[in-house]
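Visitor: Structure below; questions to follow.
The values are calculated or read from the model by the stated rules, or taken from the named source; none is laboratory data. Since we're looking at a predicted model, the values are computed, not measured. Cβ coordinates were reconstructed from backbone atoms using ideal geometry, including for glycine residues, and neighbour counts include every protein chain displayed.
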Amino acid sequence: MPKQPLLEINELKTHFHTERGRVTAVDGVTFHVNEGEILGVVGESGCGKSVTSQSILRLFDEKRLAQYDGEIKLKGTNLLELSDEKMQSIRGNDIAMIFQDPLSSLNPVFTIGHQIAESILLHQNVSKKEAYEKAVEMLRLTGIPAPEKRVKEYPHELSGGMRQRVMIAIALSCEPQLLIADEPTTALDVTIQAQILDLIVEINKKLNMGVIFITHDLGVVAEICTRVVVMYLGQIVEEANVVDVFENPLHPYTRGLMKSVPQIDGDRSEKLHVIEGTVPALDNIPKGCRFATRCPFADELCVEKVPELREFKNGQKARCWHAEKIAEEDQEREDQYV
Amino acid sequence: MGTVESNVGLTSVKQKLKKEQRQLFFKRLISNKLMVTGGMTILFLMIVTLIGPFLVSHDPYEMVVQDRLQAPSAEHLLGTDEFGRDLLSRIIHGSKVTMGVGFSVAAITSLLGMIIGLYASYYRFLDHILMRICDGLMSIPAILLGIALMAALGPNTKNVIIALSIVFTPHVARVIRSAAIVVREQTYIEAMKAQGASTWRIIWGHMMPNTISPLVVQATFIFADAIITEAALSFLGAGVPAPDPSWGNILYDGKLVIFNAWWMTVFPGIMIVLSVLGLNLLGDGLRDLIDPHTNQGKK
């Protein structure tokens with residue numbers, strides 16, 4: 001029996017009103033997250049990962065700056081149709097978010113206990129004392145030693161990793177169904193990174209919570225995610241199980257990303273693979289395939305016509321005219337080696 | 001087990017560190033001699049203002065015509081004015097008016113400036129409207145605007161406070177706005193929004209506490225400015241009306257008899273200088289204490 005998706009995003013578009021006119025940062029994104037699943041969202045800087053995640057919570061100023069189209073359904077309710085008050089009660093309570101920079105995600109003038117308790121008091125009808133006790137409990141859950149003492153400390157007294165744990169404690173304090181982690185480990189060093197990842201996986205299993213994990217680190221994706229969405233310039237270019245993405249990526253962009261990962265046992269004299277060029281500006285989007293300007297497989301068809309997201313075996317989806325050809329080539333090369 | 005023990009060790013080390021930090025802060029506080037001097041002066045003036053009126057022997061309003069314009073003596077420590085009123089008790093009662101006006105103006109402008117500054121920083125469309133109004137008010141010299149407002153409102157102490165609050169609120173609003181704009185862009189504000197906090201809570205619960213320190217500094221300077229502007233208004237006859245004593249209108253009275261009775265201009269003048277100097281030294285010190293960039297050059 002297929003699981004009911006926790007979050008379904010259909011043709012989400014996020015437009016921004018800027019001085020240079022209307023810009024569409026997220027352009028028709030469709031994906032879903034199941035309960036208890038960790039979905040990886042991958043892409044280079046400026047591809048719309050963060051905008052997508054913040055659109056889910058409707059964090060942009062809708063009066064002046066942003067406009068959303070499409071559907072974001074959390075267990076059947078379309079978040080884009082909710083009133084501001086309803087949306088406020090969803091934020092933090094049903095969907096919580098962890099940010100990239102733990103050093104500036106906590107208010108310097110309050111103790112961390114105060115800040116965790118505040119989030120609890122926002123959504124739950126409990127006394128201040130109970131909220132504080134819960135705060136201690138949440139800190140213990142995130143593996144902070146001596147939480148009874150830590151709650152009285154200010155953010156500047158904690159290290160980056162500790163602060164990210166506090167952020168996770170705040171995010172989990174109301175037991176959300178969905179956690180959005182926006183590059184939560186990017187600002188941390190590698191050992192702390194591993195601890196935080198372990199923590200997220202552990203909590204994901206313990207609470208059966210859906211997680212959207214946004215990152216540009218493919219190693220992390222391989223480590224913790226079950227499914228992966230690859231984004232390029234505001235669109236999804238590939239969606240697949242984590243194994244398929246790594247074993248036979250269908251989109252040239254995904255292949256480029258894979259090749260750009262340095263191999264620890266590889267030939268060190270070999271230069272690291274680089275995807276040529278940069279992401280085009282949002283107000284200067286190519287007419288055909290958005291990746292055509294940087295793609296080694298691009299031909300006239302790619303420049304002229306926009307490819308659709310097509311489904312292949314194992315539910316793998318890719319937005320490329322030449323996906324079959326690429327897959328065949330891969331197959332041939334593998335055969336040669338055998 | 002090991003971690004538990006090391007945690008206990010860690011906390012005691014931390015407590016020690018905190019104690020040291022507190023000591024260090026205190027040391028830095030008193031190492032700034034000018035600020036301590038300013039603070040002591042203000043403290044002294046506050047005490048004079050609060051308990052002085054109960055200690056003076058003469059009624060500040062009682063006119064004894066045969067004693068008019070007496071030089072300082074044992075009976076009248078600072079002499080008497082042209083109506084034979086005791087100058088010392090007039091100055092001490094005047095400090096109630098002057099310091100009261102200064103303090104009220106500092107408090108009211110802080111509150112209003114805070115509200116205006118915070119909302120202007122959060123809502124862009126309000127920003128344009130409120131800041132243009134502030135620009136307009138700030139483009140007129142404080143004294144001129146004060147005189148105009150006093151002319152419109154009529155002379156009494158309450159109106160002096162209202163007029164000066166209108167004059168100085170834009171200054172506070174500007175400072176708060178610039179501090180709040182920085183805070184608004186911090187991730188923790190976005191994180192609070194993502195946690196489901198209302199706009200009210202974000203503005204008052206999270207942005208406001210981060211603007212307190214620049215506000216305290218600014219309020220100290222406004223206090224000083226208000227004292228000097230009140231004195232100027234009273235000196236020009238547009239401030240606190242007679243017979244209520246204020247340092248400014250004692251000066252005004254003294255102006256007419258400056259060649260016969262120097263004490264009537266010198267003593268209120270000294271009080272104004274002391275209070276304004278004290279407040280400015282305190283404000284400078286507080287600013288240095290809060291802003292680490294200006295610290296290093298000092299030592």
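Visitor: Pick out, from the stretch A:231-304, the helices (runs of 4 or more DSSP H) lying fully within it that include 2 or more residues that are within 22 Å of A:V221 (Cα to Cα) and not aliphatic (A, V, I, L, M).
Guide: A:242-247, A:252-259
Visitor: Any residue that is more than 16 Å from A:V211 (Cα to Cα), charged (D, E, K, R) and not in a loop (DSSP other than H, G, I, E, B) - is there at least one of those in the stretch A:54-76? Outline the logic, then answer.
Guide: Going through the stretch A:54-76, the residues more than 16 Å from A:V211 (Cα to Cα) turn out to be A:58-71, A:76.
Filter once more, keeping what is charged (D, E, K, R): A:58, A:61-64, A:69, A:71.
Imposing the further condition that a residue be not in a loop (DSSP other than H, G, I, E, B) reduces the set to A:69, A:71.
Yes, because at least one residue in the stretch A:54-76 is more than 16 Å from A:V211 (Cα to Cα), charged (D, E, K, R) and not in a loop (DSSP other than H, G, I, E, B).
Visitor: Could you tell me whether B:I181 is away from chain A (no Cβ under 14 Å), surrounded by fewer than 20 Cβ atoms within 10 Å (Cβ to Cβ) and in contact (Cβ under 8 Å) with a residue 60 or more places away in the chain?
Guide: Numbers: away from chain A (no Cβ under 14 Å): yes; surrounded by fewer than 20 Cβ atoms within 10 Å (Cβ to Cβ): yes; in contact (Cβ under 8 Å) with a residue 60 or more places away in the chain: yes.
Here the answer is yes, as B:I181 does meet what is asked.
Visitor: Please specify each residue of the stretch B:187-205 satisfying the condition of being assigned to a helix (DSSP H, G or I), among the polar types (S, T, N, Q) and at the interface with chain A (Cβ under 8 Å from one of its Cβ atoms).
Guide: As a first pass, look at the stretch B:187-205 and keep what is assigned to a helix (DSSP H, G or I): B:187-194, B:199-205.
Subset that is among the polar types (S, T, N, Q): B:187, B:199.
Correct list: B:T187 only.
One line per residue, one yes/no per condition, for (1) in contact with a Leu (Cβ under 7 Å, 6 or more places away or on another chain); (2) of a type in the set (A, V, I, L, M); (3) under 27 Å from B:L281 (Cβ atoms):
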{"position": "B:I47", "(1), (2), (3)": "no, yes, yes"}
{"position": "B:L55", "(1), (2), (3)": "no, yes, yes"}
{"position": "B:H58", "(1), (2), (3)": "no, no, no"}
{"position": "B:G79", "(1), (2), (3)": "yes, no, no"}
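Visitor: Does the stretch A:91-112 hold any residues that are closer than 30 Å to A:H216 by Cβ, surrounded by fewer than 21 Cβ atoms within 10 Å (Cβ to Cβ) and among the hydrophobic types (A, V, I, L, M, F, W, C), and which are they?
Guide: Across the stretch A:91-112, the qualifying residue is only A:L103.
This table checks each residue for (1) part of a helix (DSSP H, G or I); (2) of a type in the set (G, A, S).
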{"residue": "B:L34", "(1), (2)": "yes, no"}
{"residue": "B:L43", "(1), (2)": "yes, no"}
{"residue": "B:I47", "(1), (2)": "yes, no"}
{"residue": "B:P53", "(1), (2)": "yes, no"}
{"residue": "B:S57", "(1), (2)": "no, yes"}
{"residue": "B:P60", "(1), (2)": "no, no"}
{"residue": "B:S73", "(1), (2)": "no, yes"}
{"residue": "B:L78", "(1), (2)": "no, no"}
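Visitor: So, of the residues in the stretch A:177-192 that are modelled with pLDDT of 90 or more and out of contact with any Phe, Trp or Tyr (no Cβ under 6 Å at 6 or more places or on another chain), which turns out to be surrounded by the most Cβ atoms within 10 Å (Cβ to Cβ)?
Guide: A:I180
Visitor: State all residues of the stretch A:314-324 that are part of a helix (DSSP H, G or I) and over 17 Å from A:G288 (Cβ atoms); if no residue qualifies, say none.
Guide: In the first step, residues of the stretch A:314-324 are kept if they are part of a helix (DSSP H, G or I); the result is A:314-315, A:323-324.
Scanning the stretch A:314-324 gives A:N314, A:G315, A:E324.
Visitor: Among the residues of the stretch A:83-130, how many are closer than 21 Å to A:A187 by Cβ and within 21 Å of the chain's Cα centre (by Cα)?
Guide: Result for the stretch A:83-130: 11.
Visitor: Which one of B:V101, B:V13, B:V36 is under 25 Å from B:L233 (Cβ atoms), out of contact with any Lys or Arg (no Cβ under 6 Å at 6 or more places or on another chain) and either touching a residue at least 24 places away in the same chain (Cβ under 8 Å) or within 14 Å of chain A (Cβ to nearest Cβ) (or both)?
Guide: Working: B:V13 fails: under 25 Å from B:L233 (Cβ atoms); B:V36 fails: under 25 Å from B:L233 (Cβ atoms).
Residue meeting the stated conditions: B:V101.
Visitor: List the number of the failed condition for A:L179; all other conditions in (1) within 20 Å of A:I38 (Cβ to Cβ); (2) touching a Leu at 6+ places or on another chain (Cβ under 6 Å) hold.
Guide: (2)
Visitor: Note down all Cβ pairs under 6 Å where the first residue falls in the stretch A:60-74 and is over 18 Å from A:H32 (Cβ atoms), the second is hydrophobic (A, V, I, L, M, F, W, C) and outside any strand (DSSP E or B), and they're at least six residues apart or on different chains.
Guide: A:A66/A:F60
Visitor: In the stretch A:61-105, which residues are among the charged types (D, E, K, R), more than 23 Å from A:E183 (Cβ to Cβ) and facing another protein chain (nearest Cβ under 7 Å)?
Guide: From the stretch A:61-105, those among the charged types (D, E, K, R) are A:61-64, A:69, A:71, A:73, A:75, A:81, A:84-86, A:91, A:94, A:101; that's our starting set.
Checking the rest, the ones that are also more than 23 Å from A:E183 (Cβ to Cβ) come to A:62-64, A:69, A:71, A:73, A:75, A:81, A:84-86.
Passing the criteria: only A:R64.
Visitor: In the stretch B:249-283, which residues are modelled with pLDDT under 90 and either in contact with a strand residue (DSSP E or B) (Cβ under 6 Å, 6 or more places away or on another chain) or among the polar types (S, T, N, Q) (or both)?
Guide: Across the stretch B:249-283, the qualifying residues are B:N249, B:N260, B:T265.
Visitor: Right, something else. Kindly check whether there is at least one residue in the stretch A:113-120 that is of a type in the set (D, E), buried (at least 22 other Cβ atoms within 10 Å of the Cβ) and assigned to a helix (DSSP H, G or I). Full working, then the answer.
Guide: Let us first name the residues in the stretch A:113-120 that are of a type in the set (D, E), namely A:118.
Narrowing the set further to residues that are buried (at least 22 other Cβ atoms within 10 Å of the Cβ) leaves A:118.
Within this subset, residues satisfying the condition of being assigned to a helix (DSSP H, G or I) are A:118.
Yes, the conditions are met somewhere in the stretch A:113-120.
Visitor: Of all residues in the stretch A:1-47, which are surrounded by 14 or more Cβ atoms within 10 Å (Cβ to Cβ) and of a type in the set (D, E)? Spell out the reasoning first.
Guide: Looking only at the stretch A:1-47, we keep the residues that are surrounded by 14 or more Cβ atoms within 10 Å (Cβ to Cβ), and these are A:5-10, A:12-16, A:23-44, A:46-47.
Listed by number, the residues that qualify are A:E8, A:D27, A:E35, A:E37, A:E44.
Visitor: Out of B:V217, B:V266, B:V276, I need the residue that is without any contact (Cβ under 8 Å) to a residue 12 or more places away in the chain, surrounded by fewer than 22 Cβ atoms within 10 Å (Cβ to Cβ), out of contact with any Asp or Glu (no Cβ under 8 Å at 6 or more places or on another chain) and not small (G, A, S). Which one?
Guide: Numbers: B:V217 fails: without any contact (Cβ under 8 Å) to a residue 12 or more places away in the chain; B:V276 fails: without any contact (Cβ under 8 Å) to a residue 12 or more places away in the chain.
Testing whether each residue is without any contact (Cβ under 8 Å) to a residue 12 or more places away in the chain, surrounded by fewer than 22 Cβ atoms within 10 Å (Cβ to Cβ), out of contact with any Asp or Glu (no Cβ under 8 Å at 6 or more places or on another chain) and not small (G, A, S) leaves just B:V266.
Visitor: Could you please find all residues in the stretch A:123-142 being crowded, with 18+ Cβ neighbours inside 10 Å and touching a residue at least 40 places away in the same chain (Cβ under 8 Å)?
Guide: If we filter the stretch A:123-142 for residues that are crowded, with 18+ Cβ neighbours inside 10 Å, which is where we start, we get A:123, A:131-132, A:134-136, A:138-139, A:141-142.
Listed by number, the residues that qualify are A:H123, A:L141, A:T142.
Visitor: Could you list, in sequence order, all residues of the stretch B:120-175 that are loosely packed, with under 14 Cβ neighbours inside 10 Å, within 30 Å of A:R64 (Cβ to Cβ) and among the charged types (D, E, K, R)?
Guide: B:R124, B:R132, B:D135
Visitor: Could you please let me know if B:G239 is part of a helix (DSSP H, G or I) and more than 14 Å from chain A (Cβ to nearest Cβ)? Steps first, answer last, please.
Guide: Details: part of a helix (DSSP H, G or I): no; more than 14 Å from chain A (Cβ to nearest Cβ): yes.
Answer is no for this residue.
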